[in-house]
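Participant: The structure that follows is given in the form of structure tokens.
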Amino acid sequence: MKIAVYPGSFDPVTRGHIDILERTSQMFDKVVVAVVHNVTKHALFTLDERKEMIKKSTKHLDNIEVECFSGLLADYLRQKEATIIIRGLRSMVDFEYESQMSMINRQLIPQADTVFIMSDPRYIFVSSSGVKEAALLGGDVSSMVPPLVEKGLQEKIKQIKI
């Protein structure tokens, strides 16, 4: 069984992330979305909120599993018996960073490969941080995130502004 892991903070999950999952779910027997806490970023949503938004946004995909994890990705891959890391790319800047990370992961777990998936042109500009910033400033992000995420953003913004 070919198991792939798609790690990320997904704060929040975007249509770009969902597109990557729809495409990779056709390539692998199982895709595990590994929601991580990124210590270098301030999260708007909790890990559990992100996990639930991803689960609900991918309920149409039978072979997607969503979990939270912390620690070293190489250890997580071993635990899941996965040999593929999925990374979405939007630009050459993403490629430079992701290629360095793939080399580090290759040193840590030589049997694992990183598969880079280019973003659909409709979502090439969409990032979680950009979506959060636009939403916090009152922008319409409905074309960038699933409806339930848009609703979640609106609720978070109300809490922040109270």
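Participant: If you keep only loop residues by DSSP, which GluC sites (Glu not before Pro) in the range 53-153 have at most 11 other Cβ atoms within 10 Å of their Cβ?
Facilitator: Loop-located and lightly packed - GLU81.
Participant: For the chain, what is the mean residue ellipticity at 222 nm derived from helices alone (per DSSP H run of n ≥ 4: -39500 (n - 2.57); sum divided by total residues; nearest 500 deg cm²/dmol)?
Facilitator: Per the formula, -13500 deg cm²/dmol.
Participant: I've got another one for you. On a C-alpha basis, how far is the centre of the range 79-142 from the centre of the range 1-53 in Å? Whole number, if you could?
Facilitator: Taking the Cα centre of each part, the range 79-142 and the range 1-53 sit 10 Å apart.
Participant: With springs connecting C-alpha atoms under 10 Å apart, model the chain as a Gaussian network and identify which of VAL149, VAL39, VAL115 has the largest mean-square fluctuation.
Facilitator: VAL39
Participant: For the pairs LYS30/LYS80; LYS132/LYS156; LYS51/LYS156; LYS51/LYS161; LYS51/LYS151, flag any whose C-alpha to C-alpha distance is greater than 18 Å.
Facilitator: In this structure, LYS51/LYS161 exceed 18 Å between Cα atoms.
Participant: Nothing charged except the Cβ atoms of Lys and Arg (+1) and of Asp and Glu (-1): what's the magnitude of the dipole of the chain about its Cα centre? Round to the nearest 20 debye.
Facilitator: The dipole of the chain has a size of about 240 debye.
Participant: Label GLN79 and ILE160 with points 7 Å out from Cα along Cα→Cβ: what is the distance between them in nm?
Facilitator: Placing both labels 7 Å along Cα→Cβ, they lie 3.0 nm apart.
Participant: Of ILE157, VAL145, SER128, which is farthest on the positive side of the dipole of the range 97-162, counting Cα position, with +1 on Lys and Arg Cβ, -1 on Asp and Glu Cβ, and the Cα centre as origin?
Facilitator: Checking the options against the dipole of the range 97-162, the answer is ILE157.
Participant: What is the dipole size for the range 12-97, taken about its Cα centre, with +1 at each Lys and Arg Cβ and -1 at each Asp and Glu Cβ, in debye to the nearest 20?
Facilitator: 160
Participant: Additional query: Between ASP48 and ASP120, how high is the FRET efficiency from 1/(1 + (r/R0)^6) when r is the Cβ-Cβ distance and R₀ = 45 Å? Nearest 0.05.
Facilitator: Given R0 = 45 Å and the Cβ-Cβ separation, E is 0.95.
Participant: Hey, another quick one. With bins 10 Å wide starting at 0, give me the P(r) of the range 53-115 over every alpha carbon pair, in whole percents.
Facilitator: Histogramming the range 53-115 at 10 Å steps yields 18, 42, 36, 4 percent.
Participant: For LEU61 and LYS41, what does the FRET efficiency come to when R0 = 35 Å and r is the distance between their Cβ atoms, rounded to the nearest 0.05?
Facilitator: For R0 = 35 Å, the calculated efficiency reads 0.85.
Participant: Which angle between 0 and 90 degrees, to the nearest 10, do you get for helix 147-161 versus the longest principal axis of the chain when only C-alpha atoms count?
Facilitator: Helix 147-161 sits roughly 60 degrees off the main axis of the chain.
Participant: Taking the beta-carbon count within 10 Å as an exposure proxy, list LEU44, LEU21, LEU137 from fewest neighbours to most.
Facilitator: LEU137, LEU44, LEU21
Participant: With each pseudo-label sitting 7 Å past Cα toward Cβ, what's the SER129-SER99 distance in nm, one decimal?
Facilitator: A separation of 2.1 nm, rounded to one decimal place.
Participant: Size of the dipole of the range 89-162 about the Cα centre, Lys and Arg at +1 and Asp and Glu at -1 on the beta carbon, nothing else charged, in debye to 20?
Facilitator: About 320 debye.
Participant: With loop defined by DSSP as not H, G, I, E or B, and exposure as at most 14 other Cβ atoms within 10 Å, which is the longest segment of the chain clear of exposed trypsin sites (Lys or Arg not before Pro)?
Facilitator: Within the chain, the longest run free of exposed trypsin sites (Lys or Arg not before Pro) spans 60-162.
Participant: Shifting gears a bit: Where does the chain land on the Kirkwood hydrodynamic radius, alpha-carbon pairs, in angstrom?
Facilitator: After inverting the mean inverse Cα-Cα distance, the result is 16.2 Å.
Participant: Separate question: Compute the long axis of helix 15-24 from its Cα atoms, compare it with the longest principal axis of the Cα atoms of the chain, and write down the angle in degrees, 0 to 90, nearest 10.
Facilitator: 30
Values in this text are rule-based calculations from the coordinates and carry no lab data. This one's a predicted model, so the numbers in the text were calculated from it and none came from an experiment. Positions of Cβ are generated from backbone atoms using ideal geometry, with glycine treated the same way; all protein chains shown enter the neighbour counts.
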